[in-house]
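The values are calculated or read from the model by the stated rules, or taken from the named source; none is laboratory data. Bear in mind that the values here come from a model prediction, so they are computed numbers and not experimental data. When we count neighbours, we look across all protein chains shown, and the Cβ atoms used for this are built from the backbone with ideal geometry, even at glycine.
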Amino acid sequence: MARVLGCVLVAAMAALVVLMLVASPDKAGEGGPVFGVLLAAYLVAFLYGRPDLSAVATGVAAAVLWLAVVALIPPVSLALALLSVAVAGVVGVWLTRNPVAGLAAAMSSALLITTVAWALVTYGPERFVPVLDAPGAADPLLESRIEAPDPYVGLLALGALLAVVLVAVRRFRTVNAAVST
């Protein structure tokens, strides 16, 4: 079930990336391959890393909590997103006593929070869009909608790095189990 949920999360992010790249064809040449690699890391982690359902659910719960706070105190905040990812990792370890579950929880929350944040700042109500200083912009809201998702690429990359670590740990354990027998 965790694999299915993970694949759904990756598919949602992939659909949003496609929508964003279609809206900004000039970014597609440089951003498309980067997003492809990042999403591939997530996909491999969900399929090969085999995270526990409780870990993925913890990541989803952290993202839902982040969304609730953002809904009460807009606009979206990268600092709050990073805090939520860290909390997901800590809670994942605390619940399962397994550091790998913490990695999976943090990875899952990073992916879902990035997806929701991009959707909110791009397509959501104005109150969710952070006001960015755009001197001389004809439409400051439009400029903020265009620029606001950019910092979340770092969050997406952080989650992808956690995904790579998750796969490496899984591979290490598989090889050690084979050598031990």
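Some notes on this structure:
- Per-region count, region 32-53, residues in contact with a Lys or Arg (Cβ under 6 Å, 6 or more places away or on another chain) and outside any helix (DSSP H, G or I): 1
- Residue within region 98-105 that is surrounded by 12 or more Cβ atoms within 10 Å (Cβ to Cβ), under 16 Å from residue 66 (Cα atoms) and modelled with pLDDT of 95 or more present: yes
- Flag if residue 109 is polar (S, T, N, Q), modelled with pLDDT of 90 or more and either outside any helix (DSSP H, G or I) or buried (at least 16 other Cβ atoms within 10 Å of the Cβ) (or both): yes
- From 103, 132, residue being closer than 29 Å to residue 21 by Cβ, hydrophobic (A, V, I, L, M, F, W, C) and under 13 Å from the mean Cα position of the chain (by Cα): 103
- Within region 135-168, the set of residues being out of contact with any Leu (no Cβ under 9 Å at 6 or more places or on another chain) and assigned to a loop (DSSP other than H, G, I, E, B) comprises 135, 136, 137, 138, 139, 149, 150.
- Checklist (1) in a loop (DSSP other than H, G, I, E, B); (2) within 18 Å of the chain's Cα centre (by Cα); (3) not polar (S, T, N, Q) applied to residue 116, failing item: (1)
- Candidates 129, 153, 91, filtered to the one that is at pLDDT below 95 and buried (at least 20 other Cβ atoms within 10 Å of the Cβ): 129
- Any hit, region 126-134, residues being part of a helix (DSSP H, G or I) and either in contact with a Lys or Arg (Cβ under 7 Å, 6 or more places away or on another chain) or closer than 26 Å to residue 57 by Cβ (or both): yes
- Among the residues of region 86-101, the one identified as in a helix (DSSP H, G or I) and polar (S, T, N, Q) is 96.
- Considering each residue of region 135-146 in turn, none proves to be more than 24 Å from residue 116 (Cβ to Cβ) and crowded, with 16+ Cβ neighbours inside 10 Å.
- Residue within region 159-174 that is closer than 16 Å to residue 20 by Cα and of a type outside the set (A, V, I, L, M) present: no
- Boolean, residue 83 is within 16 Å of the chain's Cα centre (by Cα), assigned to a helix (DSSP H, G or I) and closer than 16 Å to residue 43 by Cα: no
- Qualifying position, being without any contact (Cβ under 8 Å) to a residue 60 or more places away in the chain and surrounded by fewer than 15 Cβ atoms within 10 Å (Cβ to Cβ), among 40, 57, 63: 40
- The set of residues from region 79-109 being within 18 Å of residue 170 (Cβ to Cβ) and small (Gly, Ala, Ser) comprises 89, 92, 101, 102, 104, 105, 106, 108.
- In the set 169, 76, 179, only one residue is closer than 30 Å to residue 47 by Cβ, in contact (Cβ under 8 Å) with a residue 60 or more places away in the chain and surrounded by fewer than 16 Cβ atoms within 10 Å (Cβ to Cβ); that residue is 169.
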